[in-house]
Amino acid sequence: MKIADSFVVAAPVERTWRAIRDPQVVGACLPGCEEIEAVSPTLYRARIGVKLGPIAAKFAAEVEVLEEEPPVRVVTVTRGEEGGRASNLRSDNILTLAPADDGGTRVSYEADMTVTGRLGKFGFGVMKKKAQSLASEFAGNLEARVNEAASGG
Amino acid sequence: MEFVRPDSIEAAVAALQAEGAACLAGGATLVAMMNADLVAPERLVSLRDVAALREASRRPDGTVVIGAMRRHRETAEETDLRDGQRVLREAAAQIANPPVRNMGTIGGSCAFADPAADYPPALVAADARFALAGAEGRRTVPAGDFFRDWYETALEPGELIESVILPPAPAGTVGSYTKLARVAGDFAIASVALALGMDGGACTHLAVAVGACGPVPARRRDIEAELLGGPLGNAEIGRLTDALAEAFDPVDDVRASAGYRRRVAPRMVRQAIGEAMQKLGETQ
Amino acid sequence: MTGEPVTLPVTLRVNGAERPVAAVAPWTTLLTVLRDELGLTGAKRGCNQGVCGACTVMIDGEPVRSCLSLALNCTGRDIVTVEGLAPAGALAPVQQALAEGNAVQCGFCTPGILISAHALLRRNAPLSVDEVRAGLSGNLCRCSGYKKIVEAIVRASEARP
Ligand SMILES: Cc1cc2nc3c(=O)[nH]c(=O)nc-3n(C[C@H](O)[C@H](O)[C@H](O)COP(=O)(O)OP(=O)(O)OC[C@H]3O[C@@H](n4cnc5c(N)ncnc54)[C@H](O)[C@@H]3O)c2cc1C
Ligand code: FES
Ligand code: FES
C-alpha cells in the first residue's frame with residue numbers, strides 16, 4: 001500500500017529539516033505516539049497506538065535512517081511489531097524538502113507500507129484512508145510546531 | 001474477559017462504564033472480529049435481555065421508534081415504516097442473507113458504522129435521529145452528525161444506542177434503497193437512499209444519501225433545498241450529483257476501485273430518482 | 001490486560017434435550033460447544049466469519065450462524081442442529097429429497113443447507129426456484145452443486161401435503 005502527499009510549512013528549509021530530524025518533535029507530532037527514544041542518531045524506538053473503530057493496536061516500532069542528504073532528503077524504514085499479537089508492519093519512507101514560493105518549505109513524503117498478521121485481514125482500502133489521515137494530522141501538527149518555534153525565536 | 005447480561009438499559013449502561021467494555025448485540029460483526037483476533041473486549045455486555053431495546057413503535061404523528069436490538073429481518077418487515085420511511089425497510093431487506101438478517105441489529109450495524117453498510121445512508125436520507133444513553137443521561141443526535149469518520153460515530157465510551165427515531169415522512173412520498181453489489185447480500189459497492197415527493201411536476205420532498213463512497217454517507221441538503229418547488233429534470237439532477245460527487249472520498253477495495261465508485265454512484269442517483277418518479281406517476 | 005478468563009457453566013437446550021457444559025469462556029461460540037463439547041459435529045466450521053453458512057443452526061426456529069453466536073448468550077433458547085431434524089436413524093423429508101436428488105457432493109455445506117431449507121419448507125407452500133435461491137443465499141457450496149440442491153428443495157416443497 002502506497003501513500004504519497006505533500007504539505008507546506010511556513011518556515012525555511014533548514015529549520016524544517018531540524019524539526020523533522022528531531023525525534024522529540026516528530027514524536028510529539030505523530031498521532032498516537034506514546035514515547036520515542038533515540039538509540040543512536042540513525043535509530044529510534046517508539047511506541048505507537050493506532051485505532052480504527054473498535055480495533056486498537058499498539059506497535060513497538062523502530063525507525064532506521066538509511067540515507068540522508070541534509071537538508072533535503074531522508075530515507076527511512078519503519079518496522080513495527082504488535083507485542084505478542086502477531087501483526088507486523090513495515091513502511092519504507094522517503095521524505096524530501098524543497099523551498100516553496102513564499103519562503104516556506106514543501107515537505108513531500110512517499111511511504112510504501114505492508115501490514116501482515118491479524119491486522120492484515122482488515123481491508124487495505126480503509127487502512128489507506130486511515131494512514132492518509134494520520135499523515136495529514138502529522139503534517140498539521142508539524143506545521144504548528146515549526147511555526148511556534150519560529151515565532152518563539 | 002467477562003460476560004454480563006443486564007436486563008435493563010440502566011444496568012447495561014452501568015456495566016458499560018468499565019474500561020474495555022463493549023456491547024454485544026447480534027454478534028454478526030463483533031464475534032466475527034473476535035474470531036479473527038481483531039478485538040478482545042474485557043467485558044461483553046450482552047443486550048439480549050433488555051426487552052425495551054427490542055421494541056418498535058409508531059406514534060400518532062407518524063414518528064417511528066426502532067429499538068437498537070431490532071433485527072434486520074424485523075426492520076425489513078416493519079409495516080409501521082410508511083411512505084418515505086420505507087427507505088429503511090428496503091435497506092434492511094438487502095443486508096447480507098437470511099441467517100445474518102436473523103441475527104444482526106440496527107444498533108450494532110450503526111455503532112460499527114461500516115462505510116459500506118446499508119443502514120447509514122438510509123437513516124441519513126430519512127432524517128433519523130439516534131437516541132443514546134450513557135452515564136451522563138440521554139441525548140439524541142441527528143444521523144447526519146452521528147456518523148463521523150471511517151468506523152467512527154458520535155458514541156462516547158460507555159454510551160449505547162437505545163433507538164433510532166424516524167420522523168414522519170410527508171404522505172405520498174416514496175422511499176427507496178438501491179444497492180449495487182457483486183452478488184446479492186455482499187456489502188455495497190455503492191448505494192443510494194432516497195425519499196422523494198412530487199406534486200404536479202414540482203418537487204415537494206427530496207433527500208438523497210449515497211453510501212459506500214466515503215467515510216460517511218454523502219448528502220447535499222443545500223442543493224436539495226434549492227431544488228424544492230421546481231421540476232426535477234436532467235439539469236437539476238445533474239446539479240445534485242455534481243454536488244454529491246464533491247462529498248465523495250471512496251476507497252479502492254476488493255469490491256471496486258475508487259474510480260469506478262465515482263463513476264457509478266451519480267448514475268445510480270439518476271436512476272433511483274427516475275424510478276421513484278415513475279412510482280409517483282410523474283414524468284421527468 | 002486479559003486477566004483470568006471468567007468461565008461459566010451453562011446448560012443449552014439442543015435438539016430438545018438439556019445439555020450441561022461445565023465451563024464455557026465468554027468468547028466460546030455455540031459452534032465450538034456443539035462440536036467440541038457436545039459431540040454434535042453436523043454443523044461445520046468453514047470460515048468462522050459468518051460468510052459460508054456451513055455452521056447454520058436454528059435458534060428459536062430461525063436459521064442463524066452458530067459461529068457468530070456466543071454460547072453464553074444462547075441459554076434459554078431452543079437450538080436445533082442438523083442432528084435434530086429427524087429422529088436418530090431416520091431422514092427428514094428434506095434430507096430424503098437431497099439424497100434422492102443427488103444434491104450432495106462432498107457434503108460439507110449440506111448440514112447448513114438442510115437447516116436453511118428446513119426453515120423455508122416450514123412455510124408449507126410450494127416454493128419457486130427464486131424463493132429457494134433467496135432462502136439459500138447465505139449458504140455457499142464449494143462443490144458448486146447449487147442446481148441439484150435447489151431442484152431437490154423445490155421438489156420437497158411440492159411433495160408436501
Ligand atoms: C456474512 C455477512 C454479510 C454482511 N453483509 C452486510 C451487508 O450487506 N450490509 C450491511 O449493512 N451489513 C452487513 N453485514 C453486517 C451485519 O449487518 C451486522 O449485523 C452488523 O454490522 C452488526 O450488527 P450486530 O447486531 O450483529 O452487532 P454486533 O456484532 O453485536 O456489534 C457490532 C458493534 O457494535 C457495538 N454495539 C452493538 N450494539 C450496540 C448498541 N446498541 N449501542 C452501542 N454499541 C453497540 C458492539 O460493541 C460492536 O462494536 C454482514 C455481516 C456478515 C457476517
Ligand atoms: S463457519 Fe459460520 S458461516 Fe462459515
Ligand atoms: S457439497 Fe461440497 S460444499 Fe457443497
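The values are calculated or read from the model by the stated rules, or taken from the named source; none is laboratory data. These numbers were taken from a predicted model, which means no experiment stands behind them. Because the Cβ atoms are built from the backbone with ideal geometry, glycine has one as well, and the counts that use them run over all protein chains shown. Keep in mind that these areas ignore ligands, DNA and RNA; they rest on the heavy atoms of the full protein, side chains included. Shrake-Rupley method; radii C 1.70, N 1.55, O 1.52, S 1.80 Å.
Structure notes:
- Hits in the stretch C:25-71 (condition: surrounded by fewer than 24 Cβ atoms within 10 Å (Cβ to Cβ), more than 9 Å from chain B (Cβ to nearest Cβ) and of a type in the set (Val, Ile, Thr)): C:28, C:32, C:41
- Filter result (touching a residue at least 40 places away in the same chain (Cβ under 8 Å) and either more than 6 Å from ligand 2 (Cβ to nearest atom) or part of a helix (DSSP H, G or I) (or both)) within the stretch C:20-55: C:21, C:24, C:26, C:27, C:28, C:29, C:30, C:34, C:40, C:42, C:43, C:44
- Residue that is least open to solvent (accessible area, probe 1.4 Å) [pool: residues in the stretch B:1-21 that are assigned to a strand (DSSP E or B) and at the interface with another protein chain (Cβ under 7 Å from one of its Cβ atoms)]: B:3
- Where helices (runs of 4 or more DSSP H) fall entirely within the stretch B:96-178, those with at least 1 residues that are of a type in the set (Phe, Trp, Tyr) are at B:106-112, B:119-125, B:143-146.
- Residues being in contact with a helix residue (DSSP H, G or I) (Cβ under 9 Å, 6 or more places away or on another chain), part of a helix (DSSP H, G or I) and in contact (Cβ under 8 Å) with a residue 40 or more places away in the chain - total across the stretch B:73-88: 3
- Residues in the stretch C:116-152 that are away from ligand 1 (no atom under 16 Å from the Cβ), within 14 Å of chain B (Cβ to nearest Cβ) and among the aliphatic types (A, V, I, L, M): C:117, C:119, C:120, C:121, C:127, C:132.
- Residue count, the stretch B:19-36 (criterion: within 16 Å of ligand 2 (Cβ to nearest atom) and of a type outside the set (A, V, I, L, M, F, W, C)): 4
- Residue that is surrounded by the most Cβ atoms within 10 Å (Cβ to Cβ) [pool: residues in the stretch C:118-161 that are within 16 Å of ligand 2 (Cβ to nearest atom) and within 18 Å of residue C:42 (Cβ to Cβ)]: C:139
For every residue, the table says whether it meets (1) within 16 Å of the chain's Cα centre (by Cα); (2) of a type outside the set (D, E, K, R); (3) modelled with pLDDT of 95 or more.
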position	(1), (2), (3)
A:25	yes, yes, no
A:34	yes, no, no
A:41	no, yes, no
A:48	yes, yes, no
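- Qualifying positions in the stretch C:87-111 - within 16 Å of ligand 2 (Cβ to nearest atom) and surrounded by 13 or more Cβ atoms within 10 Å (Cβ to Cβ): C:108, C:109, C:110, C:111
- Members of the stretch B:98-126 that are within 7 Å of ligand 1 (Cβ to nearest atom) and farther than 21 Å from residue B:154 by Cα: B:100, B:103
- Of note, residue B:111 does not satisfy the criterion of being open to solvent by 30 Å² or more (accessible area, probe 1.4 Å), of a type outside the set (D, E, K, R) and within 14 Å of chain C (Cβ to nearest Cβ).
- Count of the stretch B:34-50 residues which are buried (at least 21 other Cβ atoms within 10 Å of the Cβ) and more than 7 Å from chain C (Cβ to nearest Cβ): 5
- Test: residue in the stretch B:271-283 that is crowded, with 16+ Cβ neighbours inside 10 Å and farther than 24 Å from residue B:171 by Cβ: no
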